[in-house]
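To start, the structure under review is shown below, and the notes come after it.
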Amino acid sequence: MQQGNTKERIVEAYIELESERPLEKITVTALVERSRITRKTFYYYFKDIYDLMEYRSEEHTSELQSQRDI
């Protein structure tokens with residue numbers, strides 16, 4: 001498994017969970033189960049769930065800016 005794929009799987013799991021439940025109900029446990037990784041792997045990529053949320057927010061903002069620039 002490549003690192004880029006693992007990080008993307010975590011982000012995709014977050015996006016899926018975000019559409020299914022309120023933010024305060026998204027847990028690291030739910031994320032690791034959904035993305036089929038270990039907690040240790042999650043913490044390799046992110047300090048905590050808030051770090052993941054910030055990463056996703058920045059990634060989404062970059063996507064929107066690049067679409068606007070087209």
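Computed over protein heavy atoms with a 1.4 Å probe, the carbon and sulfur contribution to the accessible area of the chain reaches 48%.
Taking one quarter of the surface of the convex hull spanned by the alpha-carbon atoms of the chain gives a direction-averaged projected area of 5.1 nm². Placing Glu12, Glu33 in order of accessible area, with the largest value first and a 1.4 Å probe, yields Glu33, Glu12. A Cβ-based charge dipole, computed about the Cα centre of the chain with Lys and Arg at +1 and Asp and Glu at -1, lands at about 360 debye.
Counting only protein heavy atoms and a 1.4 Å probe, the chain has 73 square angstrom of accessible area per residue. Potential lengthening of the chain between Tyr55 and Thr38 amounts to 4.2 nm, from the contour at 0.36 nm per residue minus the alpha-carbon distance.
The values are calculated or read from the model by the stated rules, or taken from the named source; none is laboratory data. Source: prediction; values computed, not measured. Note: ideal-geometry Cβ built from the backbone for every residue, glycine included; neighbour counts use all protein chains shown. Quick note on the areas: whole protein, heavy atoms, side chains included, nothing else; ligands and nucleic acids left out. Shrake-Rupley method; radii C 1.70, N 1.55, O 1.52, S 1.80 Å.
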